[in-house]
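Below is one structure, written out as structure tokens, with a few remarks after it.
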Amino acid sequence: MLTPLKITETDKKPLLRVLRGETLDAPPVWLMRQAGRYLPEYREVRDTVGGFLDLCYAPALATEVTLQPIRRFGFDAAILFADILVVPDALGQSVRFEGGEGPKLEPIRNVGELGGLRLEGIHDRLAPIYETVSRLSESLPDNTALIGFAGAPWTVATYMVEGASSRDFVHTRGWALEDPGGFAWLIGIIGDATVEYLCRQVEAGAEILQLFDSWAGVLAQDEFRRWVVEPTARLTAAVKKRHPGVPIIGFPRSAGPLYEDYVANAGVDAISLDSAVPLDWAVKRLQARLPVQGNLDPLLLLAGGDAMERGIREILAALSGGPFIFNLGHGIIKETPPDHVAQLMEVVRGWAASG
Ligand code: CP3
């Protein structure tokens, strides 16, 4: 007779089971941007600090806002409360968030301007974030997994080069085309800092990592290979060299058919789908290789009601036959009524019960 495998505490967490390839009757669920301005209790904490980054660097407050959506909705995972732009901030580039607008950075537009970035000492600046991770790993319920995260090099580079959110990425794509060697240097600096940052999160207690590549979808096939897939592959290999067991979820948002190249070559363990990815295609081409996560349109969550319920059921029907994590296709929109999130949870949790 076989000796039963020893079940450890972590093995019981549904999210970790799915990431190891299991198909569960009841898919685990968490939502991108589950902590944030749509919650009144978040806005209350947010109002006690000056800038948004001050909240990211305040372990007690960042821990509290990470836990708020767990208490309210009972998600299967908590995601560290921080931002992808703490990496450029730690590298010495000035990053500010002003008056509810997007981020403002002092742009870096060519290789001559890379001199101001410093890898040494980044952990001094990032230490409060590791402290938040370790507080969270002490305070989460037993079945709740802890997700650490970072921006992928390409997406972080777009903010560093444009200096703000962008629509056309003229400066970033221009630099990458005109001086690929110099741009590769920037991508390399971000990659090195991010490997260190993610490894420290794991050492502080993060059980899963997610890489946000929100602007992966603006690149043509060859550029996608060079600036999304290859830097991500180097990053995942370096993190896994130090922490072989930690699952990494990749999110190359809006990559369309290039999702396939990413799944085959970026070294991730699971793939997060944006809302435009067709479900039947995802089952055949992606879920056949890796666990998938996604992909309810955040606008349906904003709308709520029957439209949302239909959208949720379609996704569950299509994807829950294999390893699957229910999520959105992008972050929660700040106008979303919290009641709609409660309704989403009822439908997803009710799915398994209804067989
Ligand atoms: O709950 C969670 O998901 C964890 C927290 C989290 C935040 N940002 C908090 C945040 C995560 C995972 C991010 C990732 C992030 N940040 C991404 C990748 C995902 C995506 O949405 O595409 C990007 C591109 C950023 C950069 C960023 N941060 C922008 C462009 C903005 C301004 C736009 C906006 O929504 O306000 C932010 C600010 C930000 N990051 C807020 C929060 C809660 C709002 C700021 C505030 O509360 O004052």
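Tabulated data for the structure shown
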{"read-out": "Computed magnitude of the charge dipole of the chain (debye, nearest 20; Cβ of K, R +1, Cβ of D, E -1)", "value": "600"}
{"read-out": "Degrees between helix 338-353 axis and first principal axis of the chain (Cα, 0 to 90, nearest 10)", "value": "50"}
{"read-out": "Within region 86-112, backbone nitrogen closer than 17 Å to the virtual label 7 Å beyond the Cα of Ala164 toward Cβ", "value": "94-109"}
{"read-out": "Pairs beyond 30 Å (Cα-Cα), from Lys12/Lys334; Lys13/Lys284; Lys13/Lys240", "value": "Lys12/Lys334"}
{"read-out": "FRET efficiency, 1/(1 + (r/R0)^6) with R0 25 Å, evaluated for Glu223 and Arg37 via beta carbons", "value": "0.15"}
{"read-out": "Cα-based helix-to-principal-axis angle, 230-242 vs the chain, degrees rounded to 10", "value": "70"}
{"read-out": "Probe 1.4 Å, protein heavy atoms only - accessible area per residue of region 41-141 in square angstrom", "value": "44"}
{"read-out": "Å² per residue, accessible surface of region 220-355 at 1.4 Å", "value": "42"}
{"read-out": "Average Cα contact separation per residue, region 259-337, under 8 Å, 6 or more apart, as relative contact order %", "value": "37"}
{"read-out": "Accessible-area composition of region 207-329, carbon plus sulfur, in percent [1.4 Å probe]", "value": "52"}
{"read-out": "Kirkwood Rh and Cα Rg combined as Rg/Rh, the chain", "value": "0.95"}
{"read-out": "Within the accessible area of region 1-140 (1.4 Å probe), percent carbon and sulfur", "value": "51"}
{"read-out": "Between helix 122-139 and the chain: long-axis angle, C-alpha atoms, 0 to 90°, nearest 10", "value": "10"}
{"read-out": "Stretchable slack from Arg72 to Glu22, in nm (0.36 nm times residue separation minus alpha-carbon distance)", "value": "15.3 nm"}
{"read-out": "Integer Hz, Karplus 6.51/-1.76/1.60 couplings in order for region 69-86, x for Gly and Pro", "value": "x, 5, 5, 6, 10, x, 4, 7, 9, 9, 10, 2, 8, 6, 8, 5, 8, 5"}
{"read-out": "Furthest towards positive pole of dipole, Leu136, Trp154, His123, structure part region 103-160, Cβ charges", "value": "Trp154"}
{"read-out": "Separation between Cα centres of region 137-193 and region 206-225, rounded to whole Å", "value": "9"}
{"read-out": "Helix-only mean residue ellipticity at 222 nm for the chain, each DSSP H run of n ≥ 4 adding -39500 (n - 2.57), per residue, nearest 500", "value": "-14000 deg cm²/dmol"}
{"read-out": "Projected-area mean, region 111-226, by convex hull of Cα positions, square nanometres", "value": "8.4"}
{"read-out": "Alpha carbon convex hull of region 34-173, volume per residue in cubic angstrom", "value": "118"}
{"read-out": "Sparsely packed GluC sites (Glu not before Pro) within region 105-151, loop by DSSP, other Cβ within 10 Å at most 11", "value": "Glu120"}
{"read-out": "Trypsin sites (Lys or Arg not before Pro) lying in DSSP loop within region 116-146, provided at most 16 other Cβ fall within 10 Å", "value": "Arg118"}
{"read-out": "Where N is the number of residues in region 214-355, Cα Rg divided by 2.2 N^0.38 Å", "value": "1.10"}
{"read-out": "Rounded to 5, percent antiparallel among DSSP beta bridges of the chain", "value": "10"}
{"read-out": "Relative contact order (percent, whole number), the chain, Cα cutoff 8 Å, 6+ residue spacing", "value": "20"}
{"read-out": "Probe 1.4 Å - accessible area at Lys334, Å² to nearest ten", "value": "110"}
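The values are calculated or read from the model by the stated rules, or taken from the named source; none is laboratory data. Since this is a predicted model, take the numbers as computed values, not measurements. As a convention, Cβ positions derive from the backbone with ideal geometry for all residues, glycine included, and neighbour counts pool all protein chains shown. For the accessible areas, the whole protein counts, side chains as well, though only heavy atoms, and no ligand, DNA or RNA atoms are used. Shrake-Rupley method; radii C 1.70, N 1.55, O 1.52, S 1.80 Å.
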